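The values are calculated or read from the model by the stated rules, or taken from the named source; none is laboratory data. All values derive from a computational prediction rather than experimental measurement. Virtual Cβ from ideal backbone geometry, glycine too; neighbours counted across all protein chains shown.
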Amino acid sequence: MPDVLERDTFNALLMPLGTKRRYFGRTPKELFAHKPHLAEDPNYYYLLANGLFADVNLSNDRKLKNLQDVSRVVGLVQNRD
């Protein structure tokens, strides 16, 4: 299994999860290319340990879905891990 926390691997695995918008980006500007003004406010994103930025300007349901998607990508199984 690749080191999923390595920036390029994480990027390759998770970037496609955002269909109409990105949920992860290399910079706030990349993350919010569709609404550049959001990149100026750090309340809308979070810097992850691997250097990518995560969009946190989301509904709780979408945040949960993103966590489930990330968990699946890294090989975690719900109700087991």
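Computed quantities for the displayed model
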| quantity | calculated |
| --- | --- |
| Close pairs from the stretch 58-81: first more than 28 Å from Asn43 (Cβ to Cβ), partner not in a helix (DSSP H, G or I), Cβ under 8 Å, at least 6 apart | Gly75/Met1 |
| Selection status of Thr9, in a loop (DSSP other than H, G, I, E, B), at pLDDT below 75 and hydroxyl-bearing (Ser, Thr, Tyr) | no |
| Count of residues meeting criterion [in contact (Cβ under 8 Å) with a residue 24 or more places away in the chain, surrounded by fewer than 12 Cβ atoms within 10 Å (Cβ to Cβ) and assigned to a helix (DSSP H, G or I)] in the stretch 28-57 | 0 |
